[in-house]
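The values are calculated or read from the model by the stated rules, or taken from the named source; none is laboratory data. Predicted, not measured: the structure shown is a model, and the values here were computed from it. So basically every Cβ, Gly included, is an ideal-geometry build from the backbone, and we count neighbours across all protein chains shown.
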Ligand code: NDP
């Protein structure tokens, strides 16, 4: 078995030396367990936060332990009555080629409904994040203007499409012209801004949002956020989903103080973690699958080949290598 473990806590952008590759014998399942082979694994921005030793909504990764995260696997040996050889499962497992699991730890996936990788993306955690963040906190109404940052990523591109379904004007912010073309031409975004080549983001937002911003779906923080928040409308809503531009900063950041924008516009900014909506995941997944079937939702996956490229795939999230959900393909069923 080959595993990736965290061996030291990164300061800034993680480096190869923060991880170690460990070879172990493939384990044997005990009574009640099954052995799975990893087929796809997910790399996600939140994993960076777990590499720090700090209090958060999930415990930090332990040093010298396998990095855990979303995995799709195939049961190859089982001593559990409810897991059968050949079953495809989804679970929070880890960056390793083989894992021991118990049935409570995982959910079975029906490969006849959709490609199995969708359980980590369009029919999984990122879309649920987009769904609840936008609909519950954003409360979009027809004709409103929605701005989403990280717009060409797994969460962002679903936020924009759901906002279109709800009849909003949608403006996406992403880091390349190719990404922005995809958002406008394939996904129907009304306007896009390339934050890497736009000299004045505040002016660009004003231009793209002539009626101001009713909802800002926050994925990135930092200066992009400052620019958007200076155009809020009265009673604007800001689902605070992520702050990826700040995950690797080494020293505390200072910037424009935005509280005055919230104050003068009676705006609502609310942080959330998708897990708080867990009791409604089934309802949301059904709706997402229906939109997908009706062609109202489209998705992209950015698939890196080979377990040996997992760390590169993870680091690529911070330089914008991915268009859509970033996955690593490890093996076929
Ligand atoms: P993405 O698929 O969006 O990948 C990350 C993207 O972020 C990159 O492709 C890159 O695109 C962009 N990015 C990276 N660095 C910066 C930067 N410094 N400034 C601006 N953009 C940057 O990841 P996800 O869709 O999985 O996650 C998006 C956000 O949602 C993250 O902040 C994540 O932590 C958060 N999240 C929150 C959850 C919750 O429960 N609250 C659950 C899941 C995700 P580009 O080319 O545009 O720079």
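Given the structure, is residue 160 out of contact with any helix residue (DSSP H, G or I) (no Cβ under 6 Å at 6 or more places or on another chain), in contact (Cβ under 8 Å) with a residue 60 or more places away in the chain and within 21 Å of residue 272 (Cα to Cα)?
Taking the combined requirement at face value, the residue does not satisfy it.
When residues of the range 196-245 are filtered for being over 17 Å from the mean Cα position of the chain (by Cα), within 9 Å of the ligand (Cβ to nearest atom) and part of a loop (DSSP other than H, G, I, E, B), how many remain?
1
Taking residue 248 and the conditions (1) part of a loop (DSSP other than H, G, I, E, B); (2) touching a helix residue (DSSP H, G or I) at 6+ places or on another chain (Cβ under 6 Å); (3) within 12 Å of the ligand (Cβ to nearest atom), which numbered condition does it fall short on, given that it satisfies the others?
Of (1) part of a loop (DSSP other than H, G, I, E, B); (2) touching a helix residue (DSSP H, G or I) at 6+ places or on another chain (Cβ under 6 Å); (3) within 12 Å of the ligand (Cβ to nearest atom), only one is false for residue 248: (2).
Condition (residue is assigned to a helix (DSSP H, G or I) and under 18 Å from the mean Cα position of the chain (by Cα)) applied to the range 86-106: is it met by at least one residue?
Scanning the range 86-106 turns up no residue that is assigned to a helix (DSSP H, G or I) and under 18 Å from the mean Cα position of the chain (by Cα).
Criterion first (within 16 Å of the ligand (Cβ to nearest atom), within 24 Å of residue 162 (Cβ to Cβ) and outside the structural domain of residue 249 (by TED's automatic domain parsing)) does residue 70 satisfy it?
yes
If you scan the range 241-269, which residues turn out to be touching a strand residue (DSSP E or B) at 6+ places or on another chain (Cβ under 8 Å) and more than 14 Å from residue 225 (Cα to Cα)?
265, 266, 267, 268 - these are the residues of the range 241-269 that are touching a strand residue (DSSP E or B) at 6+ places or on another chain (Cβ under 8 Å) and more than 14 Å from residue 225 (Cα to Cα).
Which residue is farthest from residue 126 (Cα to Cα), if the candidates are limited to the range 281-299 and must be touching a residue at least 60 places away in the same chain (Cβ under 8 Å) and not in a helix (DSSP H, G or I)?
296
Condition test on residue 122, is it within 11 Å of the ligand (Cβ to nearest atom) and touching a helix residue (DSSP H, G or I) at 6+ places or on another chain (Cβ under 8 Å)?
no
Residue-wise test of (1) on the phi > 0 side of the Ramachandran plot; (2) outside the structural domain of residue 269 (by TED's automatic domain parsing); (3) within 15 Å of the ligand (Cβ to nearest atom).
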| residue | (1), (2), (3) |
| --- | --- |
| 83 | no, yes, no |
| 101 | no, yes, no |
| 105 | no, yes, no |
| 108 | no, yes, no |
| 135 | no, no, yes |
| 142 | no, no, no |
| 159 | no, no, yes |
| 164 | no, no, no |
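Filter the range 256-265 down to the residues that are surrounded by 11 or more Cβ atoms within 10 Å (Cβ to Cβ) and either part of a loop (DSSP other than H, G, I, E, B) or assigned by TED's automatic domain parsing to the domain that holds residue 317 (or both) and list them by number.
256, 258, 265
With respect to residue 315, is the statement that it is in contact (Cβ under 8 Å) with a residue 12 or more places away in the chain, part of a helix (DSSP H, G or I) and either more than 17 Å from residue 113 (Cα to Cα) or within 15 Å of the ligand (Cβ to nearest atom) (or both) true?
Yes, satisfied.
Look at the range 167-195 and say how many of its residues are touching a residue at least 60 places away in the same chain (Cβ under 8 Å), away from the ligand (no atom under 11 Å from the Cβ) and in a helix (DSSP H, G or I).
Residues in the range 167-195 being touching a residue at least 60 places away in the same chain (Cβ under 8 Å), away from the ligand (no atom under 11 Å from the Cβ) and in a helix (DSSP H, G or I): 2 in total.
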